[in-house]
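What follows is a short report on a single structure.
The values are calculated or read from the model by the stated rules, or taken from the named source; none is laboratory data. A quick note: this is a predicted structure, and the numbers were derived from the prediction, not measured. So basically every Cβ, Gly included, is an ideal-geometry build from the backbone, and we count neighbours across all protein chains shown. Surface accessibility is based on the protein's heavy atoms, side chains included, excluding ligands, DNA and RNA. Shrake-Rupley method; radii C 1.70, N 1.55, O 1.52, S 1.80 Å.
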Amino acid sequence: MEKEQFVAVRRNSDGDLIAFKSNTGKEYDYETAKELCEQGLISNAQTFKGKGGGTYIRGIVVLLLSSSLF
């Protein structure tokens, strides 16, 4: 099975990442995207533990689009 790649993200008004779009056209909320990364199903992203102990997504090279274009 070929891994998906994230190709776009959506940010909220505070600039936080809230959604990811894959090369297959699927859209994932942050928590689902994080789970997919942890399972190794996304080829261009991974998770890491922050200083506060939270788990976050990194390693994404994407074209940032506004929510109206996503």
Quiz item: Of all residues in segment 1-23 being more than 16 Å from C37 (Cβ to Cβ) and assigned to a strand (DSSP E or B), which is least open to solvent (accessible area, probe 1.4 Å)?
Solution: R10
Quiz item: Which one of these does T47 not meet: (1) of a type in the set (S, T, Y); (2) touching a Cys at 6+ places or on another chain (Cβ under 8 Å); (3) at pLDDT below 95?
Solution: (3)
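Counting just the residues of segment 24-44 that are open to solvent by 40 Å² or more (accessible area, probe 1.4 Å) and of a type outside the set (D, E, K, R), which one comes out modelled with the lowest pLDDT? Talk me through it step by step, then tell me what you get.
Taking segment 24-44 as the starting set, the residues that turn out to be open to solvent by 40 Å² or more (accessible area, probe 1.4 Å) are 24-27, 29-32, 35, 38-39, 41, 43.
Remaining after also requiring of a type outside the set (D, E, K, R): 24-25, 30, 32, 39, 41, 43.
On the way: T24: 96, G25: 96, Y30: 97, T32: 98, Q39: 97, L41: 97, S43: 92.
The selected residue is S43.
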